[in-house]
């Protein structure tokens, strides 16, 4: 799903798979923001959401950071490295 240049996806009971990482990487080729909704079946705790966000950003690289609002992870791509 896309809306106003923002890509959206959901993570369910299978968690973060190789296919979802490929989808996220491909989404950042044309967009600056990706929103990921963590469903109840993926482990509906704040700690689990933070673990998923850390794992995604570590795999993507230095030009990305994230923000968590509830159970939604918003990942932004920057033009230059921030860390």
Report task. Give just the number: which of (1) part of a loop (DSSP other than H, G, I, E, B); (2) at pLDDT 95 or above does residue 68 not satisfy? Result -> (1)
Query raised in the report: So which residues in segment 5-27 are free of Cβ contacts under 8 Å to residues at least 40 places away in the same chain, surrounded by 10 or more Cβ atoms within 10 Å (Cβ to Cβ) and in a helix (DSSP H, G or I)?
Result: 20, 21, 22, 23, 25, 26, 27
Report task. Take the residues in segment 30-48 that are under 14 Å from the mean Cα position of the chain (by Cα) and assigned to a loop (DSSP other than H, G, I, E, B), then tell me which one is nearest to residue 9 (Cα to Cα). Result -> 39
Query raised in the report: Do the conditions hold for residue 51, that is, is it touching a residue at least 12 places away in the same chain (Cβ under 8 Å), surrounded by 13 or more Cβ atoms within 10 Å (Cβ to Cβ) and assigned to a helix (DSSP H, G or I)?
Result: no
Report task. Go through segment 62-71 and give me each residue that's without any contact (Cβ under 8 Å) to a residue 12 or more places away in the chain and within 21 Å of residue 32 (Cβ to Cβ). Result -> 67, 69
Requested in this report: Kindly check whether there is at least one residue in segment 72-82 that is touching a residue at least 24 places away in the same chain (Cβ under 8 Å), farther than 17 Å from residue 6 by Cα and not in a helix (DSSP H, G or I).
Outcome: no
Query raised in the report: Can you find a residue in segment 38-50 that is within 17 Å of residue 7 (Cβ to Cβ) and either touching a helix residue (DSSP H, G or I) at 6+ places or on another chain (Cβ under 8 Å) or modelled with pLDDT under 90 (or both)?
Result: yes
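The values are calculated or read from the model by the stated rules, or taken from the named source; none is laboratory data. This structure is a prediction, so every number in the text was calculated from the model and none was measured. Neighbour counts run over all protein chains shown; Cβ positions are idealised from the backbone, glycine included.
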